[in-house]
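Report on the following structure.
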């Protein structure tokens, strides 16, 4: 059902777009079929999100906050990448302009929010130590050859033997991984991983390696591998110096969000909101009125 907010209609199509974005690309029909328990929660969240965006856009207009077509185009490119046909057109430009105006009014509304000082960051760190405690971690890279049949397995072993030869000749693991692995890119890096992130056969082999040690060829349910353990860290509390900047940023953003929630709730209370009569289109259809 469409609604009118301070004289501006929020169409069923708008609610539908919000729903699809919040659900990770799934339509309301798909959510109803695949996860019916999530449907009404996502529907309510989509309606609230659309209402919030419209009210903030109206506030931006009232405050004289604008965005040019050039700025909207830059916003489109940063959101969608290069000019794909589906992300171009008058509707997209209008949507990008509105998004920019909402961002700017949010920045305007939160411009006086105080950043946390050093003592506040340290107090939050001390009082929430469990949130900053990490399990044992390993920094790992690997080369994998996927094999499901005996013929593929034999071929995978030969490929990994070639990779092994190049590693013995002194070539970097990253370069060899990008050449020989079935999962190319990023030099075969898996980043920092903890127990439970990989299959048991992989962890049994790799987590017992010494720092900078390379494994021999081994097999898991995913195929055959060569791996290297770059480094490891024991379980424990993250040092404050490593996370101070991120923690301060998180506290600051959380404060801004609390203020924005208060402002939008007030906007909703004061808004003139009218539920329009049922039409033949609905949020589940995703069609224009």
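Coordinate-derived values only; no laboratory data. Bear in mind the structure is a predicted one, so any value in this text is a computation, not a measurement. Because the Cβ atoms are built from the backbone with ideal geometry, glycine has one as well, and the counts that use them run over all protein chains shown.
For the reader, a short list of remarks on this structure follows.
- Ascending count of other beta-carbon atoms within 10 Å, so fewest first, for 92, 143: 92, 143
- Whether region 81-207 is rounded, prolate or oblate, judged on the alpha carbon gyration tensor where a/c under 1.5 counts as rounded: oblate
- Normalised by the number of residues in the chain, the average gap of Cα pairs under 8 Å and 6 or more apart makes the relative contact order 29 percent.
- The mean sequence separation of alpha-carbon pairs under 8 Å and at least six residues apart, normalised by the residue count of region 160-235, gives a relative contact order of 21 percent.
- The GNM of the chain, with springs linking C-alpha atoms under 10 angstrom apart, assigns the highest mean-square fluctuation among 103, 168, 184 to 168.
- Here r is the Cβ-Cβ distance between residue 117 and residue 165 and R0 is 45 Å; the resulting FRET efficiency, rounded to 0.05, is 0.20.
- The residue 48 and residue 251 beta-carbon pair, evaluated with R₀ = 35 Å, returns a calculated FRET efficiency of approximately 0.90.
- Max mean-square fluctuation residue, GNM over the chain, Cα-Cα springs under 10 Å, options 105, 54, 159: 159
- Which of 169, 76, 52 has the fewest Cβ neighbours within 10 Å, and the rest in rising order: 169, 52, 76
- Distance-filtered residues of region 142-161 - backbone nitrogen under 20 Å, label point 7 angstrom along residue 213 Cα→Cβ: 142-143
- Relative contact order computed over region 14-84 (Cα-Cα under 8 Å; 6+ residues apart), in percent: 26
- Cα-based shape type of the chain, given that a ≥ b ≥ c are square roots of the gyration tensor eigenvalues and the cut on a/c is 1.5: prolate
- Each part gets one Cα centre, and for region 160-200 versus region 1-45 those centres are 43 Å apart.
- Listed residues 257, 145, 58, most fluctuating in the chain (Gaussian network, C-alpha, under 10 Å): 145
- Between region 213-253 and region 110-139, the alpha-carbon center distance in angstrom: 19
- Judged by the gyration tensor of its Cα atoms, with axes a ≥ b ≥ c, region 136-234 is oblate; a/c meets the 1.5 cut and b/c is at least as large as a/b.
- Distance (nanometres) between label positions extended 7 Å along Cα→Cβ at residue 41 and residue 151: 4.8
- Residues 230, 108, 16 in ascending order of nearby Cβ atoms (within 10 Å, fewest first): 108, 230, 16.
- The simple spin-label model puts a point 7 Å past each Cα toward its Cβ; for residue 244 and residue 178 those points are separated by 3.5 nm.
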